[in-house]
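The values are calculated or read from the model by the stated rules, or taken from the named source; none is laboratory data. Note that the structure is predicted; figures quoted are calculated from it, not measured. Note that we place each Cβ from the backbone using ideal geometry, even for glycine, and neighbour counts take in every protein chain shown.
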């Protein structure tokens with residue numbers, strides 16, 4: 001495979017494979033910059049009209065060739081397919097490769113920092129650290145990274161816990177008074193900054209081969225829910241008594257790609273979510 005390729009600037013064609021919430025937001029940004037974006041997923045009914053829909057189930061070889069594009073972003077998940085198809089994620093990647101007329105100049109695979117779940121500790125893990133998956137899902141993510149690199153020479157983005165509008169699980173946890181493991185080390189990325197990072201991976205001349213999409217404020221989960229409770233003016237959720245667990249991840253490399261995050265910490269991000277919620281309630 002060749003090395004650095006010309007970035008897919010305005011007017012280029014981009015294939016968004018999986019094209020869920022993140023892929024759709026990315027596609028709308030790219031179209032706004034002058035690109036043509038194809039949204040590939042099983043059911044395309046929810047895609048906005050700005051994206052060209054491709055209704056394809058990658059658990060079977062595509063019928064006919066997929067469009068020739070300059071770039072491709074893959075946001076498939078290990079849970080793809082029926083329970084009996086434990087290999088569905090890898091099958092989908094192989095079927096995708098078989099359906100392409102040519103490998104795009106730039107391919108980005110969205111994986112997850114879950115590949116470090118078996119390596120807890122306070123020492124920040126960087127892209128140079130060796131992953132340590134501890135579950136079948138994390139093992140599959142890592143296998144997908146390796147296969148996408150083999151098939152497409154893919155660049156890999158590993159986001160931590162994604163949150164933002166429509167991804168408000170922790171708000172519900174606090175409001176419902178669910179028990180929380182306060183000592184668990186956590187990392188996260190606001191969906192807005194993840195989409196910006198993916199756009200940068202497509203458009204800069206020499207993106208990293210692997211980057212962790214995490215904000216600047218890893219924190220124990222207790223700090224996060226305590227802040228949310230203060231802003232919501234409710235009691236903090238009850239504590240689950242456990243020893244510290246979880247992994248701290250470094251976002252230093254991401255900062256070379258995105259020098260300024262819109263939401264550099266959970267404080268910025270959840271303040272924004274809570275403000276949106278309050279506006280919705282009062283309207």
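Some points to look at:
- Residue within region 165-173 that is surrounded by 24 or more Cβ atoms within 10 Å (Cβ to Cβ) and closer than 30 Å to residue 280 by Cα present: no
- Among the conditions (1) over 19 Å from residue 177 (Cβ atoms); (2) assigned to a loop (DSSP other than H, G, I, E, B), residue 255 misses just one, which is (2).
- Look at (1) over 17 Å from the mean Cα position of the chain (by Cα); (2) more than 16 Å from residue 78 (Cβ to Cβ); (3) buried (at least 17 other Cβ atoms within 10 Å of the Cβ) and you find that residue 121 fails only one, number (3).
- A count restricted to region 26-37 and to residues that are within 23 Å of residue 112 (Cα to Cα) and either buried (at least 21 other Cβ atoms within 10 Å of the Cβ) or without any contact (Cβ under 8 Å) to a residue 40 or more places away in the chain (or both) stands at 4.
- Pairs are defined by a Cβ separation below 7 Å, a sequence spacing of at least 6 or placement on different chains, a first member in region 93-110 that is within 11 Å of residue 153 (Cβ to Cβ), and a second member that is surrounded by fewer than 16 Cβ atoms within 10 Å (Cβ to Cβ); the pairs so defined are 105/6.
- Failed item, numbered, when residue 132 is tested on (1) under 30 Å from residue 244 (Cβ atoms); (2) without any contact (Cβ under 8 Å) to a residue 60 or more places away in the chain; (3) touching a helix residue (DSSP H, G or I) at 6+ places or on another chain (Cβ under 7 Å); (4) in a helix (DSSP H, G or I): (4)
- Failed criterion for residue 230 (all others in (1) surrounded by 15 or more Cβ atoms within 10 Å (Cβ to Cβ); (2) assigned to a helix (DSSP H, G or I); (3) modelled with pLDDT of 95 or more hold): (1)
- Close pairs (8 angstrom Cβ cut-off, 6 or more residues apart or separate chains): at positive phi and touching a residue at least 60 places away in the same chain (Cβ under 8 Å) in region 236-259, in a strand (DSSP E or B) and surrounded by 14 or more Cβ atoms within 10 Å (Cβ to Cβ) anywhere: 246/184; 246/185; 246/186
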